[in-house]
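Encoded as structure tokens, the structure appears first; notes follow it.
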Amino acid sequence: MTDSPAPAGVFISFEGGDGAGKSTQVRRLADWFAARGREVVVTFEPGDTALGAQLRTLVQHGEDLDPRTEALLFAADRAHHVTTVIRPALARGAVVITDRYLDSSVAYQGSGRALGAEEVERLSLWATQGLLPALTVLLDLDPVIGAQRITRSLDRIERAGDEFHRAVRDAFLARAGVDETERWLVLDATRTPDELHGAITARVEQILAVASAAGSGADDDAPRDAVVVEHTEVRP
């Protein structure tokens, strides 16, 4: 009897403004996967590597940076993050759940800093060699409500002002609205944590079912690809 093929890696990102509840839902989804016997890697951007922590300090708590420098630092963190954390985990069949990914750069630097969404997206796709999640959960929240939920001291980007954060929210919604891969799940972040978790796991189960059906017809000896989306245009 042959051994069952190893499960495919699954890549999921959470996006949204500060105070939307991403951390809570990341933890709950990680527990959900772990209860089903999966290895789960919970990570975040920026800063979940030794190099990334230094870049995070520069971006969030350092001196004022011009928008291009800020965008390049985020891209450098993401390139290192994907190479050292995300891709190795996916290659061994783990579930990777990240609190923020490249869509944050497109929203915050592309729209909030007015660098242009297409330019920032190209930079991030080049940095990640085109790696996109199978699912991106957007927890949508009025920035005014989000600010009221934050009880700690604000970092440099959180202090950017109402107009900046409204532009970021609009950019997230616009990006999700034109996506043709069904990668996005947009949820009202004022719903209860239980309601949000239920909606997220329902979508995840759909993704896993599709992946399982696709894999069942394949040769058992063939390598199984991670459940991710690879973007082919990765020019800087």
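With both labels modelled 7 Å from their Cα along Cα-to-Cβ, the residue 212 to residue 35 distance reads 1.6 nm. Placing one equal scatterer on every Cα of the stretch 10-219 and applying the Debye formula, the log10 ratio I(q)/I(0) at q = 0.09, 0.16, 0.18 Å⁻¹ is -0.34, -1.12, -1.43. Put a plus charge on the Cβ of each Lys and Arg, a minus charge on the Cβ of each Asp and Glu, and nothing anywhere else: the dipole of the stretch 1-132 about its Cα centre is then about 480 debye.
The label point for residue 53 and the one for residue 181, both projected 7 Å from the Cα toward the Cβ, are 3.1 nm apart. State whether the stretch 83-208 is rounded, prolate or oblate according to the following rule on the C-alpha gyration tensor (a ≥ b ≥ c being the square roots of its eigenvalues): a/c under 1.5 gives rounded; otherwise a/b larger than b/c gives prolate, and the remaining case gives oblate. Oblate, since a/c reaches 1.5 and b/c is not below a/b. For the peptides 137-148, 198-209, residues were scored by their other Cβ atoms within 10 Å and the scores averaged per peptide; the highest-first order is 137-148, 198-209. Between residue 27 and residue 92, the contour length at 0.36 nm per residue exceeds the alpha carbon distance by 21.3 nm. Neighbours of residue 188, meaning other residues whose beta-carbon lies under 11 angstrom from its beta-carbon, give a summed charge of -2 when Lys and Arg score +1 and Asp and Glu score -1. Each Lys or Arg adds one and each Asp or Glu subtracts one; over the other residues with Cβ under 12 Å from the Cβ of residue 95, this totals +1.
How much FRET efficiency would the formula 1/(1 + (r/R0)^6) give for residue 192 and residue 69, where r is the Cβ-Cβ distance and R0 is 45 Å, rounded to 0.05? Between residue 192 and residue 69 the formula returns 0.65.
Where a number appears in this text, it was derived from the coordinates with a stated rule and is not lab data. Just so we're clear, the structure is a prediction, and the values are computed from it rather than from any experiment. Virtual Cβ from ideal backbone geometry, glycine too; neighbours counted across all protein chains shown.
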